[in-house]
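For reference, the structure is listed below as structure tokens.
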Amino acid sequence: MGKRIKIVADSNIPFLKGVFEPYADVVYIDGMGIGKDDVKDADALIIRTRTRCNEELLGESEISMIATATIGTDHIDFGFCNSRGIEVHNSQGCNAGGVMQYVFSALYGTASRKSIKLDHPVIGIIGVGNVGRKIEHMAAHLGFGILRCDPPRAEKEGPDGFCSLEYLLMHSNIVTLHTPLDETTRNMAGPEFFGLMRPGTFFINASRGEVVDEQALMEAIPKLGPVIIDTWNHEPDINLDLMDMVDIATPHIAGYSFQGKLNGTASAVQAVARHFGISGLYDFYPEYDEAEHAPVHLDLRGKNQGEITSVFQYNYPIFTDDFMFRMAPHDFEKLRSEYRYRREIYVD
């Protein structure tokens, strides 16, 4: 029998404690505090976006597997990991339903507060991957016009059904970002981007903070309609001036649904199990009370804007998150780690 493997895991990942202990030695550390001495003799890392996986952290380690219980991967240096033969797994699509719920609760909530009638709205979805597809499905259910910009998908699938970024910005009255963060998207939403948007347009960022040039956004806000920001530059040290200017501000919790966290942890556990041949966890999924936490089915067809707003707010009262954040913006990480996960919604 070989040596027992060692796993270092972010202590803030839910539903994880006790899962690997029959098979491995597990050390739990706050994700932002994981250092090179912690991983030096480890075989695997299970993390969130708060642990930067690069040569500085991993250069002296024997890590062969990194699983992040998140969609995003901009915290991982793939060049270094590839050079060392480190397998990297992300939990694709795990929180897509939660982000969709966030977007529509925020959209209808701010429209209600500002007495904006959503009359034949056109939503421009920038990035139509797992999250963007969920946004598209709900928007279609609600009868929205839909514009989609996703150059990688358009290149792979053909241009039908997609449009240019410029066209989307000029013809949408809701613009929502759902792109990964890489060199093609960093500061994508800058002066030219906001200059093309129509006056009064909703702007939502629940993707990655650095996709947005925050100074350009601040300069554009007098022209825009409601602005909803969940992801920020330089988290957790966010721009408080920008926070004061937006209509909804939240601490990177758009995807924090109960199902999203179940899915993210399950995906990470299964990937690590398969890497090390732990067959007992190949199909792992956390146990939960389905009656209390199962997704909620909605049928919003035929309902007016006020009724739809009420349904979204009942299932996710987003202004509570906004209020809690504004009262304690310096508790960014605490608000995330102690967040009470919400039930997701879905429509046919």
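Quick look at the values:
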read-out: Pairs where the first residue, in the stretch 126-138, is at positive phi and in a loop (DSSP other than H, G, I, E, B) and the second is open to solvent by 10 Å² or more (accessible area, probe 1.4 Å) and of a type in the set (D, E, K, R), C-beta under 7 Å, 6+ apart; value: G127/D150
read-out: Residues of the stretch 184-209 satisfying the condition of being out of contact with any Asp or Glu (no Cβ under 7 Å at 6 or more places or on another chain), within 15 Å of I126 (Cα to Cα) and either β-branched (V, I, T) or open to solvent by 20 Å² or more (accessible area, probe 1.4 Å) (or both); value: T184, T185, M188, T201, I204
read-out: Single unsatisfied condition, R326 versus (1) open to solvent by less than 20 Å² (accessible area, probe 1.4 Å); (2) in a helix (DSSP H, G or I); (3) farther than 22 Å from P22 by Cβ; value: (1)
read-out: Flag for P222 being over 30 Å from Y282 (Cβ atoms), open to solvent by 10 Å² or more (accessible area, probe 1.4 Å) and not in a helix (DSSP H, G or I); value: yes
read-out: Boolean, R84 is over 12 Å from the mean Cα position of the chain (by Cα), surrounded by fewer than 18 Cβ atoms within 10 Å (Cβ to Cβ) and farther than 28 Å from I63 by Cβ; value: no
read-out: Among residues of the stretch 100-150, those that are open to solvent by 50 Å² or more (accessible area, probe 1.4 Å), within 15 Å of F162 (Cβ to Cβ) and touching a strand residue (DSSP E or B) at 6+ places or on another chain (Cβ under 7 Å), counted; value: 1
read-out: Some residue of the stretch 10-22 being closer than 20 Å to C81 by Cβ, open to solvent by less than 20 Å² (accessible area, probe 1.4 Å) and either at pLDDT below 95 or outside any loop (DSSP other than H, G, I, E, B) (or both); value: yes
read-out: Members of the stretch 163-219 that are β-branched (V, I, T), without any contact (Cβ under 8 Å) to a residue 40 or more places away in the chain, touching a strand residue (DSSP E or B) at 6+ places or on another chain (Cβ under 8 Å) and not in a helix (DSSP H, G or I); value: T201, V212
read-out: Test: residue in the stretch 88-97 that is modelled with pLDDT of 95 or more, touching a Cys at 6+ places or on another chain (Cβ under 9 Å) and outside any loop (DSSP other than H, G, I, E, B); value: yes
read-out: Which numbered condition F284 fails, given (1) within 30 Å of D244 (Cα to Cα); (2) open to solvent by less than 70 Å² (accessible area, probe 1.4 Å); value: (1)
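The values are calculated or read from the model by the stated rules, or taken from the named source; none is laboratory data. Note that the coordinates shown come from a computational prediction; the quantities given were computed from them, not determined experimentally. Neighbour counts are summed over all protein chains in view; Cβ atoms, including those assigned to glycine, are modelled from backbone coordinates with ideal geometry. Just so you know, the surface numbers come from the protein's heavy atoms only, side chains and all, with ligands and any DNA or RNA stripped out. Shrake-Rupley method; radii C 1.70, N 1.55, O 1.52, S 1.80 Å.
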